[in-house]
Amino acid sequence: MDAHIASILYKKSEKGDVKVCRALDEMFEESTNKGIQMGIKQGLEQGIEQGFEQGIEQNRFEVYQTMLEKGFSVKAIASIFSVSEESIKKLLMKI
C-alpha cells in the first residue's frame, strides 16, 4: 500500500474515531443529566414523604400532650388510639 493511500485511510479512520468519541461524550452527558434529574425527583419525593410523616408525628404529639393536660392518663390515651403506652411515652420524650 502506498504512503498516500495509507495517509488517506488513517485520516478517514481518525475522523471516524473523533465522531465515535463525540457520540460517546454526548451519550455520557445525556445519561448523566438523566441520572441527575432522576436523583432530584427521587430526593423531592422522599423529602415530601418525610415531611408528611414528621407532620403526622407532630400532630400526634400535640394531641397526646393536650389530652394529658386535660387529665387523660397515658393508659387511657393508648386505649383510645389503639397504640401502646410505650409508643406514647417515646413520642412525648422525643419531641
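A convex hull fitted to the Cα coordinates of region 33-93 yields 84 cubic angstrom per residue. Ordering Ser73, Ser82 by accessible surface, largest first, gives Ser82, Ser73; the 1.4 Å probe counts only protein heavy atoms, with every chain in place. Potential lengthening of the chain between Ser73 and Ile40 amounts to 7.4 nm, from the contour at 0.36 nm per residue minus the alpha-carbon distance.
The values are calculated or read from the model by the stated rules, or taken from the named source; none is laboratory data. Just so it is clear, the structure is predicted and the values come from calculations on it, not from any experiment. Only protein heavy atoms, including side chains, enter the accessible area calculation; ligands, DNA and RNA are left aside. Shrake-Rupley method; radii C 1.70, N 1.55, O 1.52, S 1.80 Å.
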